[in-house]
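J.: Quick one: the structure is below, and I'll ask about it shortly.
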Amino acid sequence: MASPKNHQHDPPLHFVLFPFMAQGHMIPMVDIARLLAQRGVTITIVTTRHNAGRFKNVLNRAIESGLPINLVHVDLSYQEFGLPEGQDNIDSLDSMELMVPFFKAVNMLEEPVMKLLEEMKPTPNCLISDLLLPYTSKIARKLNIPKINLEILKNLKSEKEYFFVPNFPERVEFTKPQVPVEANASGEWKEFMDELVEAENTSYGVILNTFQELEAAYVKDYKEARAGKVWSIGPVSLCNKIGADKAKRGNKAVIDQNKCFKWLDSKEEGSVLYVCLGSICNLPLSQLKEIGLGLEKSKRPFIWVIRGWEKYNKLSEWFFESGFEERVKERGLLIKGWAPQVLILSHPSVGGFLTHCGWNSTLEGITSGVPLLTWPLFGDQFCNQKLVIQVLKVGVSSGVEDVMKWGEEEKIGVLVDQGGVKKAVEELMGESDEAKERRGRVKEIGELAHMTVDEGGSSHSNITLLLEDISQLLAQSKN
């Protein structure tokens, strides 16, 4: 692998990485760790003990291959903040009520992490932190270490009124709740949002899990706003070159890789719809049932990944009691827990992806050349849907327009019934001219994504520029 333009006798750069404790945040940070280590950087990942276990398989493979990656544990104060022992990841929390105590506990890691970094050898040259860990900005300022964030729109008047985003390269419209900022945040959440803004404004720069060719105009505008300190280095999932790495990426899969592939191999090319609505999907049981019945009515083969919260235990009961599981057993594969998503999406039988539009999933689908059926829930997911449908034109909307607010799921209820699900699946997977054009576009973008991470590609070059920048900063500090 090419190295940054350091003198050979110089010690390698040492980057310390801080992933936020949620699967969608942890996975790309581990990919980034591997990418940087492949370029000669010494990497230390700081996380909690239980989260470290989620990285174990993929990091062990990386370390055994000779990559300089080290994993360091810190412990949350569970009892102090009323958290059940071991619940140190967003997707392990029992209820929404634990979210505020969880963020408080995470923010209290500042003191032990500060002590850890002060004693760390070799001395860290750069911190890369998830934006949701604002305490790392305070540490970076105290230790005079550059900190780079791994990465929002203003207040509106009406909940339902559509508005066009000013100064966007494309004409993109939203409603107020679809914007990924809690405009009416108050109390502890407002304090936390203020800390995030400060952390973003005081960071040395930003790395983005995207590639310039995908969002050229947006990246250009963002770089101008950040005085150039923005590096697009994605898709970071493409550091997983072989099947074993794809299979072990993220949490431990509940399905055997061979069983999954045997099932996929039995299906026609491009015929399977992959359904996964994220590790913190909060859809009510009534809506999940409608999705299942819509998939059944579509009469198309599908893989449906269902996460393991209490309501999903009830969904499993419904699968059995209603006869759903028996009726779809020949063409429906139900995975109840973590699935090797990148591995599944890369299989030629997969021809569509019903997704919540989390950024990792969005990018992984596009990178695999698979058109998307969008079902955004909250956060940045409505923005990502707009990119997929209005800008890139590689997806179809399920018809969801309302945010699935935490704690109000049962009140909101069913947003798309089984008939709507069936119709959206047909639009995505059918043989219309529009569907064929969509498949052609996403395939071209997927091929382009792979080119960007190869030597000479934009993302590969941006990693080099990032490392050169930090090396120059280090040299200046020594003069």
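Results for (1) touching a Lys or Arg at 6+ places or on another chain (Cβ under 9 Å); (2) crowded, with 20+ Cβ neighbours inside 10 Å; (3) over 19 Å from Gln418 (Cβ atoms), shown as yes or no for each residue.
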position	(1), (2), (3)
Gly270	yes, no, yes
Val275	no, yes, no
Ile306	yes, yes, no
Leu354	no, yes, no
Gly369	yes, yes, yes
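J.: Same structure again: For segment 457-479, what are the residues that are outside any helix (DSSP H, G or I) and either under 12 Å from Ile233 (Cα atoms) or under 23 Å from the mean Cα position of the chain (by Cα) (or both)?
T.: Gly457
J.: Considering only segment 199-219, state which residues are surrounded by 13 or more Cβ atoms within 10 Å (Cβ to Cβ), part of a helix (DSSP H, G or I) and of a type outside the set (S, T, N, Q).
T.: Ala199, Glu200, Ala216, Tyr218, Val219
J.: Now for a separate question. Does Phe20 count as under 30 Å from Gly457 (Cα atoms) and not in a helix (DSSP H, G or I)?
T.: yes
J.: Now a separate question. Could you figure out which of (1) touching a Lys or Arg at 6+ places or on another chain (Cβ under 7 Å); (2) assigned to a helix (DSSP H, G or I) isn't true of Cys281?
T.: (2)
J.: Determine, yes or no, whether Asn149 is of a type in the set (S, T, N, Q), surrounded by 18 or more Cβ atoms within 10 Å (Cβ to Cβ) and either more than 21 Å from Met29 (Cα to Cα) or in contact with an Asp or Glu (Cβ under 7 Å, 6 or more places away or on another chain) (or both).
T.: yes
J.: Return the residues of segment 357-384 that are at pLDDT 95 or above and more than 17 Å from Ile280 (Cα to Cα); say none if nothing qualifies.
T.: Leu363, Glu364, Gly365, Ile366, Thr367, Ser368, Gly369, Val370, Pro371, Leu372, Leu373
J.: Kindly indicate whether Met120 is modelled with pLDDT of 90 or more and either more than 21 Å from Phe192 (Cα to Cα) or loosely packed, with under 12 Cβ neighbours inside 10 Å (or both).
T.: Criteria met by Met120.
J.: Moving on to the next point. Among the residues of segment 208-218, write down those that are more than 18 Å from the chain's Cα centre (by Cα) and of a type in the set (A, V, I, L, M, F, W, C).
T.: Ala216, Ala217
J.: Looking only at segment 362-382, decide whether some residue is in contact with a Leu (Cβ under 9 Å, 6 or more places away or on another chain), over 18 Å from Glu269 (Cβ atoms) and aromatic (Phe, Trp, Tyr).
T.: Yes - at least one qualifying residue is present in segment 362-382.
J.: Determine whether Asp94 is part of a loop (DSSP other than H, G, I, E, B), surrounded by fewer than 19 Cβ atoms within 10 Å (Cβ to Cβ) and under 23 Å from the mean Cα position of the chain (by Cα).
T.: The answer is yes for Asp94.
J.: Sticking with this one: Tell me yes or no: at least one residue of segment 263-272 is among the basic types (Lys, Arg) and modelled with pLDDT of 85 or more.
T.: Within segment 263-272, one or more residues are among the basic types (Lys, Arg) and modelled with pLDDT of 85 or more.
J.: Taking segment 103-136 only, how many residues are over 19 Å from Ala475 (Cα atoms), in contact with a strand residue (DSSP E or B) (Cβ under 6 Å, 6 or more places away or on another chain), not β-branched (Val, Ile, Thr) and not in a strand (DSSP E or B)?
T.: Of the residues in that region, 4 qualify.
J.: Are any residues in segment 131-149 modelled with pLDDT under 95 and touching a Pro at 6+ places or on another chain (Cβ under 7 Å), and if so, which ones?
T.: If the condition is that a residue be modelled with pLDDT under 95 and touching a Pro at 6+ places or on another chain (Cβ under 7 Å), then no residue fits.
A quick yes/no check of all residues on (1) assigned to a helix (DSSP H, G or I); (2) on the phi > 0 side of the Ramachandran plot; (3) touching a helix residue (DSSP H, G or I) at 6+ places or on another chain (Cβ under 7 Å); (4) crowded, with 18+ Cβ neighbours inside 10 Å:
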| position | (1), (2), (3), (4) |
| --- | --- |
| Gln390 | yes, no, no, no |
| Met404 | no, no, yes, yes |
| Lys422 | yes, no, yes, yes |
| Glu431 | no, no, no, no |
| Glu447 | yes, no, no, no |
| Glu455 | no, no, no, no |
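J.: How many residues are farther than 14 Å from Val236 by Cβ and crowded, with 23+ Cβ neighbours inside 10 Å when one looks only at segment 24-44?
T.: 1
The values are calculated or read from the model by the stated rules, or taken from the named source; none is laboratory data. Treat the numbers as computed from the prediction; the structure is a model and nothing was measured. Quick reminder, even Gly has a Cβ in these numbers, built from the backbone with ideal geometry, and neighbours come from all protein chains shown.
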